[in-house]
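So the structure is just underneath, and the comments pick up after that.
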Amino acid sequence: MSGKYVPPYESALRGYQPKPKPSFGKLNTSLTVQIKQHYELTGFDPYGLEMFSPLKNIPLADHVGFELAYMTYLCRQEHEARKEARQDKAERWLEIQKEFMADHLLMWIPGMAEALRTLEQGFYAQAIRTLEIWLHDDDQDMKNYFSRGGICVEC
């Protein structure tokens with residue numbers, strides 16, 4: 001109602017239109033179901049995380065916090081596979097990260113950033129800028145990794 005709320009859900013932000021009047025897409029769409037399936041296929045349970053209690057009551061898998069926690073989970077799985085010298089499994093986890101970032105995070109976080117800069121202009125607008133930088137840098141690192149034939153510089 002304040003005109004400053006930006007829904008932190010991919011389904012809403014994929015449909016963000018800044019003009020003529022800021023508007024968002026619908027919540028709980030097929031994107032939400034698709035993301036939930038990603039979680040289930042890889043063994044990620046966002047509701048098992050320690051989190052702000054009210055979030056546990058929101059059954060929408062495409063919340064920005066859940067998607068970022070999912071990326072953390074994928075990175076952890078890749079790291080564990082590398083520690084166990086299971087390169088093929090580590091490569092698969094990295095592929096999943098790359099796909100999820102390209103198909104999801106990079107498709108809606110810029111819209112969220114634009115909405116926050118336009119509507120909110122406070123803490124969250126600054127925080128989302130940090131997220132945009134991280135996404136850009138991580139995306140570039142993955143592209144470099146795959147272009148070098150899978151040579152992991154930091155492992």
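The values are calculated or read from the model by the stated rules, or taken from the named source; none is laboratory data. Just so it is clear, the structure is predicted and the values come from calculations on it, not from any experiment. Cβ atoms come from the backbone with ideal geometry, glycine included; neighbour counts cover every protein chain shown. Areas reflect the complete protein model, heavy atoms only, side chains present, ligands, DNA and RNA absent. Shrake-Rupley method; radii C 1.70, N 1.55, O 1.52, S 1.80 Å.
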(1) surrounded by fewer than 14 Cβ atoms within 10 Å (Cβ to Cβ); (2) not in a helix (DSSP H, G or I): which one isn't true of I133, the others all being true?
(2)
Please find, within the stretch 43-57, the residue that is most open to solvent (accessible area, probe 1.4 Å) out of those that are of a type in the set (A, V, I, L, M) and in a loop (DSSP other than H, G, I, E, B).
L49
Determine which single condition I96 fails, assuming it passes every other condition in (1) open to solvent by less than 80 Å² (accessible area, probe 1.4 Å); (2) on the phi > 0 side of the Ramachandran plot.
(2)
Under 6 Å by Cβ, and 6 or more places apart or on different chains, what pairs join a residue from the stretch 56-71 that is among the basic types (K, R) with one that is open to solvent by 30 Å² or more (accessible area, probe 1.4 Å)?
K56/Y47
Looking at (1) surrounded by fewer than 17 Cβ atoms within 10 Å (Cβ to Cβ); (2) at pLDDT 95 or above; (3) touching a helix residue (DSSP H, G or I) at 6+ places or on another chain (Cβ under 8 Å); (4) more than 29 Å from Y16 (Cα to Cα), which is the one condition that is false for Q87?
(2)
Out of (1) buried (at least 19 other Cβ atoms within 10 Å of the Cβ); (2) assigned to a helix (DSSP H, G or I), the one H79 does not meet is (1)
Determine, yes or no, whether A85 is assigned to a loop (DSSP other than H, G, I, E, B) and farther than 24 Å from I128 by Cβ.
yes
All positions within the stretch 13-42 that are of a type in the set (G, A, S) and either in contact (Cβ under 8 Å) with a residue 12 or more places away in the chain or buried (at least 17 other Cβ atoms within 10 Å of the Cβ) (or both):
G25
Inside the stretch 50-68, the number of residues satisfying the requirement of being over 16 Å from the mean Cα position of the chain (by Cα) and either at pLDDT 90 or above or under 15 Å from Y9 (Cβ atoms) (or both) is 6
Condition check for A115: open to solvent by less than 30 Å² (accessible area, probe 1.4 Å), modelled with pLDDT under 90 and either closer than 15 Å to A12 by Cα or part of a helix (DSSP H, G or I) (or both)
no
Determine, yes or no, whether E10 is crowded, with 19+ Cβ neighbours inside 10 Å and at pLDDT 90 or above.
yes
Among the candidates L60, L74, L55, which residue alone is of a type in the set (A, V, I, L, M, F, W, C) and within 29 Å of G149 (Cβ to Cβ)?
L74
